[in-house]
1. Output the number of residues of segment 74-89 satisfying the condition of being of a type in the set (Gly, Ala, Ser), under 15 Å from the mean Cα position of the chain (by Cα) and either surrounded by fewer than 16 Cβ atoms within 10 Å (Cβ to Cβ) or modelled with pLDDT under 95 (or both).
2. Please find, among Val73, Val98, the residue that is outside any loop (DSSP other than H, G, I, E, B), in contact with a strand residue (DSSP E or B) (Cβ under 7 Å, 6 or more places away or on another chain), over 22 Å from Ala132 (Cα atoms) and of a type outside the set (Phe, Trp, Tyr).
3. So Ala71 fits all but one of (1) touching a residue at least 12 places away in the same chain (Cβ under 8 Å); (2) loosely packed, with under 13 Cβ neighbours inside 10 Å; (3) within 26 Å of Ala148 (Cβ to Cβ); what number is the exception?
4. Mind telling me which of the residues Ile82, Ile131, Ile63 ends up being within 24 Å of Ala157 (Cα to Cα), of a type outside the set (Lys, Arg) and free of Cβ contacts under 8 Å to residues at least 60 places away in the same chain?
5. Let me confirm something: among Thr14, Thr57, which residue is over 30 Å from Arg158 (Cβ atoms), of a type in the set (Ser, Thr, Tyr) and at pLDDT below 95?
6. Hey, does segment 131-148 have a residue that's under 18 Å from Phe72 (Cβ atoms) and of a type in the set (Asp, Glu)?
Amino acid sequence: MKLFAFAALIAAATLSPLCAEAAMPDKPALTVTTLDGKVYDLAAQRGHWVVVNYWATWCVPCIKEMPDISAFVDGRKDVSAIGLAYDDSDPADIRAFVAKHPVSYPIAQVTLDNPPMDFDEPRGLPTTFLIAPDGRVAKRFVGPVDGAAITAAIDAAR
């Protein structure tokens, strides 16, 4: 019996990341304070597509995709974005990084020990979630994205 209990515990520990991924709500909530001190509430964006982009200052593909996401959002009235710096750096360092790599969308810092509850922890960076106008997750991207990939996901979700 002890062997069975041990095997069940190992199986649960091994499968827990998979189960946690499946537990993500269809319509995740996200309320964060941006680097400029404003509150960003994903629910307030209903009616628009939203790009939720996890990135880090040390992530080269993240740095390369940020201008693409910014240009994409600037060119579409029906899409907004929020950047989540998934980074334990000092907030002043994140601000300095964003000053060197400006984007047109708000940035908030989420730390590794306190990620947003309704979003799966990124398995790699960058990770981007496309949120549909009704608030549901339309697509998750792991790896860099550009405007063409986001447009294709929007078209597929319609």
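The values are calculated or read from the model by the stated rules, or taken from the named source; none is laboratory data. Note that the structure is predicted; figures quoted are calculated from it, not measured. Here the Cβ is made from the backbone with ideal geometry for all residues, glycine too, and neighbour counts use every protein chain on show.
1. Residues meeting the conditions: 0.
2. Of the residues listed, the single one that is outside any loop (DSSP other than H, G, I, E, B), in contact with a strand residue (DSSP E or B) (Cβ under 7 Å, 6 or more places away or on another chain), over 22 Å from Ala132 (Cα atoms) and of a type outside the set (Phe, Trp, Tyr) is Val98.
3. Among (1) touching a residue at least 12 places away in the same chain (Cβ under 8 Å); (2) loosely packed, with under 13 Cβ neighbours inside 10 Å; (3) within 26 Å of Ala148 (Cβ to Cβ), the lone unmet condition for Ala71 is (2).
4. Ile82
5. Thr14
6. yes
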